[in-house]
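Structure first, commentary second.
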Amino acid sequence: MQTILLQRRLENEWAPRAVPAPASSGLSLESTGASKEADAFLVDWEENDPVKPQNWSMLKKWMVTALLAQLITMVSAASSINSGALVDAALHYNVGTELMTLDTALFLTGFGVASVLWAPLSEVGGRTPVYIAAFFLFILFEVGAACSTTLYARVITRFLAGCCATPPLANASGGMNDIWTPVERTYGFTAAAVGGFFGPCLGPVMGGWIGPTIGFEWCDWIQVIWGGANLAAIILILPETFPPQLLRMKAAALRKHTGDARYMTAFERGRAHLSFYRIFIDAIKRPFLMMLLEPIVQTMCLYLTVVYIILFGDLIAWAFIFTDTWALSEGMTGTTFLSIGVGLLACGALSPLLLSDYKRQVARATAAGALVAPEARLRIAIVGTWLIPVSLFWGAWVADRSISIWAELVAQAVFGLGILTVFIATFQYLIDAYSMYAASALAAITFLRYPITAGAVMWTAPQYEGMGVHWSMTFLAFVSLVCCPIPWVFYRYGARLRALSRYTPNLEVKPHAVRHAVEDDLERIASALGPSWSRRSEAGAV
């Protein structure tokens with residue numbers, strides 16, 4: 001609806017005013033050369049163009065951000081809600097709980113395999129049409145899951161529902177990049193990220209109370225109702241945010257008003273002689289090429305996959321940690337997931353600190369005569385990544401009936417704080433590093449992350465049954481500990497890795513600017529540890 005209204009406004013109001021000066025890019029129609037004449041019909045952003053998403057009012061930006069965050073929360077909750085009603089569903093289908101976890105595992109697999117389809121579609125035809133189509137199909141498949149009479153029918157429809165729930169996860173990061181400037185994105189993206197991680201925590205809370213009270217099928221009907229409300233909100237409220245699509249709409253308005261087909265955007269000119277099929281196939285190939293050729297994508301994929309294995313493994317492990325240890329009901333066990341949510345909200349409250357730190361990095365880079373390096377985004381992860389193994393070691397050895405349950409809940413809150421700092425830092429780093437190819441980089445990571453996580457959901461229960469809570473969580477703590485140096489390695493050597501990439505733009509970041517930033521940070525840490533440490537550091541340097 002918002003897109004249709006914008007198109008009509010462009011045709012009726014903007015196009016008539018623009019025709020007398022068609023060179024919206026600042027060039028004149030009086031040019032004599034062929035290339036200059038072509039540029040006169042190039043449709044680009046005007047100064048302070050109100051159609052450009054980054055020029056929208058703060059109220060409109062926050063409205064769009066809140067809606068996107070809510071969409072992410074909804075599909076993330078859909079991935080975990082049925083895990084809260086696992087026992088009731090297993091009894092209904094007369095199968096074991098291990099087999100019933102296929103419901104969640106295949107939904108997560110759908111998240112991954114469909115990401116490389118939806119992300120390119122959003123770059124070809126805009127983001128809002130993709131959301132509308134995906135949510136419509138998601139509702140249909142969730143109705144099918146609710147009405148399934150066999151486990152086979154259920155897991156197939158849940159897999160297809162997972163495929164259709166992908167766009168908010170695959171495209172919302174691009175949407176944040178559309179509407180926020182790099183500095184503003186520091187807090188805008190954080191708000192969306194909180195929603196993305198709060199969903200998996202909210203799902204078990206809902207499922208834990210819905211399953212035993214009104215039946216596990218209502219987990220699906222709640223998703224249908226919620227999804228329907230979101231579909232209505234997308235149609236009525238959500239504007240198009242993809243800049244090339246908005247420019248295409250401006251060009252189309254000029255072509256319709258003048259009858260002159262020469263009015264085109266740079267994006268349209270570059271693809272004028274390419275078929276939709278060729279454009280779409282090239283876009284689909286890119287995430288796979290990045291998986292194979294980009295060390296940054298490969299390493300970040302490994303890093304985030306470990307984090308997600310632990311997070312979604314908790315969906316199954318929670319019963320061993322809380323139900324078996326403290327004899328909680330299904331509903332109360334699901335409610336304890338809110339402890340992770342407390343950590344997520346605590347991370348969100350750090351947004352002013354993140355913004356202040358990023359502004360300092362921008363000022364430092366500007367003083368050095370360079371653009372701020374994408375590695376500046378990783379500073380919070382350098383600290384936050386260590387909270388993951390700390391919280392897991394902590395949670396492993398306080399999971400005892402003789403110890404207060406609050407010790408375990410606090411450990412899980414620290415875990416929530418740690419995973420969100422990692423997620424915010426790494427995703428913003430990838431967006432800054434890959435710029436216009438960020439959606440493909442994120443799609444590549446999503447493609448691998450969720451199917452591997454789905455496998456983790458399947459082996460988590462046998463692991464906890466065989467190793468016990470203490471050693472299972474300790475094992476995961478050691479795995480996450482191995483990954484902890486990754487943010488620092490990228491912070492220190494990321495510029496060199498980007499120089500080897502075929503997809504990262506040349507930001508002209510001077511190497512000494514990154515080196516000096518690292519040295520300044522180390523000097524500040526040494527000063528905080530005391531004079532004796534500073535003297536030892538100076539002696540070591542000599």
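May I ask for the angle, rounded to the nearest 10°, between helix 217-236 and the longest principal axis of the chain, with both axes built from Cα atoms and the value confined to 0 to 90°? Helix 217-236 sits at roughly 20 degrees to that axis. Size descriptor for the range 287-353, Kirkwood hydrodynamic radius: 14.6 Å (Cα pairs only, one decimal). Axis angle, to the nearest 10 degrees, between helix 387-398 and the longest C-alpha principal axis of the chain: 20 degrees.
Per residue, the average separation of C-alpha pairs within less than 8 Å and at least 6 apart gives the chain a relative contact order of 20 percent. Dimensions of the range 247-319 from C-alpha coordinates, computed as largest minus smallest value along each principal axis and given longest first, are 65, 30, 20 Å.
Taken per residue, the accessible surface of the range 58-195 reaches 29 Å², heavy atoms only and a 1.4 Å probe. The number of Lys pairs in the chain with C-alpha atoms less than 30 Å apart, excluding pairs fewer than 8 positions apart on the same chain, is 17. Rolling a 1.4 Å probe across all protein chains gives residue 257 an accessible area of roughly 90 Å².
When the accessible area of the chain is computed with all protein chains present and a 1.4 Å probe, what percentage of it is carbon and sulfur? Mind dumping the intermediate values first?
Values: 15220 of 22590 Å².
That fraction is 67 percent.
Stokes-Einstein diffusion for the range 224-282, with the hydrodynamic radius set to the Kirkwood value over Cα pairs and evaluated at 25 °C in a medium of 0.890 mPa s, equals 175 µm²/s.
For the range 40-83, a Kirkwood hydrodynamic radius built from all Cα pairs, placed in the Stokes-Einstein relation at 37 °C and 0.692 mPa s, yields a translational diffusion coefficient of 249 µm²/s.
R0 = 22 Å: FRET efficiency of residue 349 with residue 62, Cβ-based, nearest 0.05? Could you put the intermediate results ahead of the total?
Numbers: r = 17 Å, r/R0 = 0.76.
Calculated value: 0.85.
A simple count of charges around residue 325, restricted to other residues whose Cβ falls under 10 Å of its Cβ and scoring Lys, Arg +1 and Asp, Glu -1, yields -2. Want the number for residue 91 to residue 275: 0.36 nm per residue separation, take away the alpha-carbon distance, what's left? Gain in length upon complete extension: 61.1 nm. Using Cα atoms only, what is the angle between the long axis of helix 243-258 and the major principal axis of the chain, expressed in degrees (0 to 90) to the nearest 10? Taking Cα atoms only, the helix is inclined about 30 degrees. Relative contact order, whole percent, for the range 366-487 stands at 41, derived from Cα pairs under 8 Å and 6 or more residues apart. Shown here: the range 156-207, whose C-alpha atoms stretch 41, 23, 8 Å along the first, second and third principal axes, sorted largest to smallest. Accessible area per residue for the range 409-468 is 24 Å², calculated with a 1.4 Å probe on protein heavy atoms, without ligands, DNA or RNA. Using 10 Å bins from zero, what percent of all Cα-Cα pairs in the range 146-269 falls into each bin? Going out from 0 Å in 10 Å bins, the range 146-269 shows 10, 27, 28, 19, 11, 5, 0 percent.
Which value, in nm² and rounded to one decimal, describes the direction-averaged projected area of the C-alpha convex hull of the range 79-214?
Details: hull surface 34.6 nm².
Result: a mean projected hull area of 8.6 nm².
For the pair residue 502 and residue 363 in one chain, pulling the backbone fully straight at 0.36 nm per residue adds 47.2 nm over the alpha carbon distance. For the range 60-106 and the range 451-470, write down the distance between their C-alpha centroids in whole Å. Here the answer is 18 Å between Cα centres.
Sum up the charges of everything whose Cβ sits under 13 Å from the Cβ of residue 219, counting Lys and Arg as +1 and Asp and Glu as -1, but leave residue 219 out.
On the way: positive: 154, 158; negative: 88, 103, 142, 217, 220, 330.
Here the count lands on -4.
Applying 0.36 nm per residue to the separation of residue 213 and residue 136 and subtracting their alpha-carbon distance, the gain on full extension is 24.9 nm.
Above 37 Å lies some portion of the pair distances; for the chain, what is it as a whole percent of all C-alpha pairs? Please list the in-between numbers first.
On the way: 51492 of 146611 pairs.
Above the 37 Å cut-off, the chain has 35 percent of its Cα pairs.
The values are calculated or read from the model by the stated rules, or taken from the named source; none is laboratory data. Values in this document were obtained by computation on a predicted structure and should not be read as measured data. Here the Cβ is made from the backbone with ideal geometry for all residues, glycine too, and neighbour counts use every protein chain on show. Just the protein is used for accessible areas: all its heavy atoms, side chains included, with ligands, DNA and RNA removed. Shrake-Rupley method; radii C 1.70, N 1.55, O 1.52, S 1.80 Å.
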